[in-house]
Amino acid sequence: MLGTVISGERRIGGAALEERVKRAASGFVALGLAQGERVALMLRNDIAFLEATFACGELGLYPVPVNWHFSSDEAIYVLADSEAKALIIHTDLWPRLRGRIGPDVKILIVETPPEVAAAYQISFTDCLTPEGETDWDMWLESHSPYAGVPKAAPASMIYTSGTTGHPKGVRRLPPKEDQTEATLAARRYVFDFNPQMNAIMTGPLYHSAPNLYATFTVRIGGTLHLQARFDAEETLAMMDREKITHGHFVPTMFVRFLRLPEDVRQKYDLSSLKRAMHGAAPCSQAVKRAMIDWWGPVIHEYYGGTETGAAVHCTSQEWLAHPGTVGKPIPGATVKVFDDEGRELPPGEVGELYLRLWSFPDFTYHNKDGARAECERDGLITCGDVGLIDEDGFVYLRDRKRDMVISGGVNIYPVEIEHELIQMPGVQDCAVFGIPDEEFGESLAAAIQIGHQNEGEGQPVLTEEPVLTEQTVRDWLAPRVAKYKLPKVITFHDALPREDTGKIFKRKLRDPYWKDAGRTI
């Protein structure tokens, strides 16, 4: 029996949710959709997202979450590349694609719910289904529940962010029976999925980890509270009010929690928390230690990717004993480090990390089978990260391989500088990256956010912090990092380009420098 989903004032679960899922499955059959085909979901965090995902699973269809931040061209690319037969989309997002989709793609419109409209300041009229379009709720009611035998449910076909060129769709094979049981055991080990969990989802469901976390919470029979848009204090308030036991976060969210005034942070009772997961990006040691001091030893970390799943796990106790680690390979997983020539490196040496959770169903890149071999070595898959494994088997990340800067022949990992910068008073967030340098090939640039985003309006709000200058930033860094790691260029911003998770789009900061130099990386 499916669990419960709560979004704003709406709540549905159990038999009522399963009935809507079965009705949607019947509707997909009526549209002529067959096992293995794709259904695109361009939705914000909403109950309909999960209804459609579970309905796809009944028929062995692939749900294809589409990043609703995408431009119309980017969204159209995903629809075309995935060969989606249907698109389910929120009302306010539909105008950007209307008139650009062929008649062979069936369109189902989901009215944008009040809690989403409030979070993004969407007008009432923009939330209503346009005349002549097929409304999701009415469409469901027009179909009787599906009575066929459920197929093996494939994972959502997530499109990677695409550091260069177009993103790639990760299409995973449907799981075999033994893989289903082993994968469930692995996910329970990492995330503590159980029917009693009362979880909060703060990240967008079009991302791989939030998508997996949300769908598994409900599949296992747990309760899931959807947050329309992350806001640090609102999240704490919900965790207190709803007695949240489990949650999924990213390091940027931790930073925003810690930036709240002390009296605000202490106002909320978080004693119900049993496991607060984080991943998706390296977390500053100072930030992580502060979160463990505040929330207690409920902080758990995982490492993996869309292609690999969560293959590495770390408890608070393990992290405190091995500061900076992302943990050890979980049972049934393998992690190795290779150099650029493909040689496996011994403990303590830095190279590219390759990993595999052997029970996880294999994958290919949709319409790009050749790209699959490019990320594989000895049966293991790389997520593009550089790191090491110590003598005790603990894995440490250094940086993204594409973000590593080679200046005068020396490897520099920007994340090291970022972890020092984020502790500087007045720095709300930061990104360090490589820019062209005539003498050294590359040098460092630092983009610093001096304000934080007002979550309700999306406008920068400056804090009462000391005025930052290039010199004060370099003075802060000088005793903390080697001289060659000091940024040559430092810029200040009210806001940095980022996704809904808070993850910074470094490419958008970096590309103009390389374009102006007539080069690319």
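The values are calculated or read from the model by the stated rules, or taken from the named source; none is laboratory data. None of the values given here were measured: they were computed from a predicted structure. Reconstructed Cβ throughout: ideal geometry from the backbone, glycine too, with neighbour counts over all protein chains shown. Only protein heavy atoms, including side chains, enter the accessible area calculation; ligands, DNA and RNA are left aside. Shrake-Rupley method; radii C 1.70, N 1.55, O 1.52, S 1.80 Å.
Heavy-atom accessible surface of region 1-67, averaged per residue, reaches 29 Å², computed with a 1.4 Å probe.
Would you list which aspartates and glutamates come within 13 Å of residue 401, measuring only between C-alpha atoms, while excluding same-chain residues fewer than 8 positions from it? Output for residue 401: 339, 340, 352, 385.
Kirkwood-type hydrodynamic radius, region 352-435: 15.4 Å, calculated from all non-identical alpha-carbon pairs. If both residues of a DSSP beta bridge must be in region 242-384, then about 70% of such bridges are antiparallel.
The distance from the alpha carbon centre of region 423-444 to that of region 273-334 is 26 Å, rounded to a whole number.
Global size of region 278-330: 10.7, 33 Å for Rg and Dmax (C-alpha atoms, Rg to one decimal, Dmax whole).
For region 85-197, what mean projected area does the convex hull of the alpha carbons give, in nm²?
Numbers: hull surface 46.9 nm².
Answer in nm², one decimal: 11.7.
Taking label positions 7 Å along the Cα-Cβ direction at both residue 390 and residue 478, the computed distance is 3.2 nm, reported to one decimal. Taking all protein chains as present, what is the carbon and sulfur share of the accessible area of region 147-290, in % to the nearest whole number, probe 1.4 Å? Carbon and sulfur: 51 percent of the exposed surface of region 147-290. Take the Cα of residue 267, step 7 Å toward its Cβ, do the same at residue 188, and the gap between the two points is 4.0 nm.
Within the accessible surface of region 1-127, defined with a 1.4 Å probe on protein heavy atoms only, the carbon and sulfur portion equals 51 percent. For the set 488/515; 267/288; 267/506; 85/168, the pairs lying more than 27 angstrom apart at their alpha carbons are 267/506.
Under a 5 Å amide H cut-off, with hydrogens placed 1.01 Å from N, residue 249 pairs with 277, 278, 279 among residues at least 5 apart or on other chains. Were the residues from residue 100 through residue 373 laid out at 0.36 nm apart, the gain over their Cα-Cα distance would be 94.9 nm.
For the chain, a Kirkwood radius taken over Cα pairs fed into Stokes-Einstein (4 °C, viscosity 1.567 mPa s) yields D = 54 µm²/s. The Rg/Rh ratio for region 307-400, using Cα coordinates for both the radius of gyration and the Kirkwood hydrodynamic radius, is 0.98.
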